[in-house]
1. In nm, what is the difference between 0.36 nm times the number of residues separating TYR324 and LEU50 and their Cα-Cα distance?
2. Out of ALA84, ALA63, ALA165, any idea which swings most in a Gaussian network model of the chain, alpha carbons joined below 10 Å?
3. Pick from GLY246, GLY46, GLY183: which residue has the top mean-square fluctuation in a GNM of the chain where Cα pairs under 10 Å get a spring?
4. At most 13 other Cβ atoms within 10 Å and a DSSP loop assignment: could you name the chymotrypsin sites (Phe, Trp or Tyr not before Pro) in the stretch 254-347 that fit?
5. For ALA99 and ARG283 in the same chain, what is the full-extension length gain: residue separation times 0.36 nm, less their Cα-Cα distance, in nm?
6. At 7 Å along Cα-to-Cβ for each site, give me the label-to-label distance between VAL264 and ALA153 in nm.
7. Calculate, for ASP308 and ALA205, the FRET efficiency according to 1/(1 + (r/R0)^6) with r their C-beta to C-beta distance and R0 30 Å; round to the nearest 0.05.
8. If R0 is 51 Å, what FRET efficiency do you get for ASP137 and ASP198 from their C-beta distance, rounded to 0.05?
Amino acid sequence: MYAAPPPPYNGGMDHYPDTRQDGAHPFARLDPLTVLDALDSVGLHGDGRLLALNSYENRVYRAGCEDGPPVVVKFYRPQRWSDAAILEEHGFVAELAAAEVPVVPALALDGRTLHAFGGFRFAVFPSRGGRAPELSDPQVLEWIGRFIGRIHAVGAARPFVERPALDIDTFGRAPRDWLLGHGFIPSELAAAYTSVLDQALDGVARCFARAGAVPVLRLHGDCHAGNVLWTPDGPHFVDFDDSRTGPAVQDLWMLLSGERQEMVRQLGDVLAGYEDFCEFDPRQLHLVEALRTLRLIHYSAWLAMRWDDPAFPAAFPWFNTQRYWQDRILELREQVALMDEPPLWPA
């Protein structure tokens, strides 16, 4: 059985700071009045209706407005992205919207998409609804594949300058070093975890070597089913917060799950749509399990780095227990074996 991706986490790391030791987390200051005052500062007058949306990396609210439709306001996690990196994401999404790709770009208010209030940076978006896509439907997968192909056709036009790459260093070695350097692994499991982590990273390196010099481009970066919203008109893509440079298959593999043959079928459906708009280099299929392995390593470090945020212990009470790290050791052992299997080839 092949595991599905880890749960959606809206996360990423562009650097690895020390955990905070100086009191309350910055988001503790972000109360409803601050949210409404931030909206007032850009000329939007909230009517008091606020709904917190599912995001842990940032804080995101749906806000009713007195003089117009509701909006979504997103407050960025302090000290994660630079202003330039956030604006680069906004620019990429605006490019996609101009190319008629169904995305949700930040609103330009007073000529700007990134704003500041009360020590927070924030952006405002139109409110767009939708449901989870039916990934068991081949037509749905092909439809999603067509739009990912269009995203990548735009993404290949120019590189990111401010946003980092997704590679073995940023998603593998750096999170490994942070975890081992901050005492999160129980002492009695540290040797086993370190050993299997090193084996896993060696396996990732072999996968990248087998794939060779595959092209990289601007990606969505976190293209799981939770970031694809379905409407009667088809899919639209949200939350480019983790957008970065990487191989195209990064935006495809998280749509696959189940037994190997099932994933082969799903991949064939996705690529049937994708290749209408963008050529796919099949050498990238050597990277599917490597990228899954990097995401698993990165996910543990992401949880550990955010553990000072009160939202995280409440939402992830199972993290950092003895059982959690035992399960990660078994999980990585499975990935070591999977990375030495032949790649997925569509029928």
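Values quoted throughout were computed directly from the atomic coordinates according to the rules given, and no laboratory measurement underlies them. Since we're looking at a predicted model, the values are computed, not measured. Glycine also receives a Cβ, built like all others from the backbone with ideal geometry; neighbour counts cover every protein chain displayed.
1. Working: separation 274, 0.36 × 274 = 98.64 nm, distance 3.45 nm.
Here the segment from TYR324 to LEU50 would lengthen by 95.2 nm.
2. It is ALA84.
3. Of GLY246, GLY46, GLY183, the most mobile in the Gaussian network model is GLY183.
4. Answer by residue number: TRP318.
5. 63.4 nm
6. Output for this residue pair reads 3.0 nm.
7. My answer for the efficiency is 0.40.
8. On the way: r = 41 Å, r/R0 = 0.79.
Once rounded, the FRET efficiency stands at 0.80.
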